[in-house]
1. How many residues, within region 92-115, are at pLDDT below 80 and either in a helix (DSSP H, G or I) or open to solvent by 20 Å² or more (accessible area, probe 1.4 Å) (or both)?
2. Please tell me if ASP58 is open to solvent by 90 Å² or more (accessible area, probe 1.4 Å) and either modelled with pLDDT of 90 or more or in a helix (DSSP H, G or I) (or both).
3. Take the residues of region 136-173 that are of a type in the set (Lys, Arg) and part of a helix (DSSP H, G or I): which is modelled with the lowest pLDDT?
4. Does LYS47 meet the test of being touching a Lys or Arg at 6+ places or on another chain (Cβ under 8 Å), in a helix (DSSP H, G or I) and either modelled with pLDDT of 95 or more or surrounded by 12 or more Cβ atoms within 10 Å (Cβ to Cβ) (or both)?
Amino acid sequence: MSEEDTYLRAKLTEINSSIKGLTEMLNRMIDVLSKISEVQDTTSETKALATANSQKLDALMEKVESITVAASPVARQASIAEKGAVPSMQIILDTLESQVREGVIASDLSLKINETAQTLERKLGKSGPLIVKMQRWTRILKTYGRVDTISPQDLQKLRLDIKDWGKELAKLR
């Protein structure tokens, strides 16, 4: 019976090592599943933040448009009206710059820059180099994914361009 005992011990040892391997694999699978659930939670939070930012931006743009509509003169006098509109257009750019500081989602900011360009184009009554530059940024930001934030390099460039846009508006005075 000693041969049978040896055989049984060898089989039990083999079964035991197989169980240990399966246990390790199961523990790794549990770790992977917990990481997946963490990623899903983070994604849900990011989507909620993106939605909240979008709503804030929409509210701000509505306020800006209501300000610009209230400030626009009924009878348009060419030089005086344009000079008076420059400060309100500067407010639009300042609002846009504050939205950049909030770390907004690229697709939302693209829409806001486009809306700002359209508002400025309506106020100026023509499309100029400033509008073209703003629309260029709209196209750049559309290259990002739907919920991606803007890269720090692009944020820096955009801030510099917004300052340049402000200078261009000041030249209109």
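1. 12
2. Spelling it out, it is not the case that ASP58 is open to solvent by 90 Å² or more (accessible area, probe 1.4 Å) and either modelled with pLDDT of 90 or more or in a helix (DSSP H, G or I) (or both).
3. LYS171
4. No, not satisfied.
The values are calculated or read from the model by the stated rules, or taken from the named source; none is laboratory data. Predicted model, so just to flag it, every value in this text is computed and none were measured. Here Cβ is always computed from backbone atoms with ideal geometry, including for glycine, and neighbour counts include all displayed protein chains. Just so you know, the surface numbers come from the protein's heavy atoms only, side chains and all, with ligands and any DNA or RNA stripped out. Shrake-Rupley method; radii C 1.70, N 1.55, O 1.52, S 1.80 Å.
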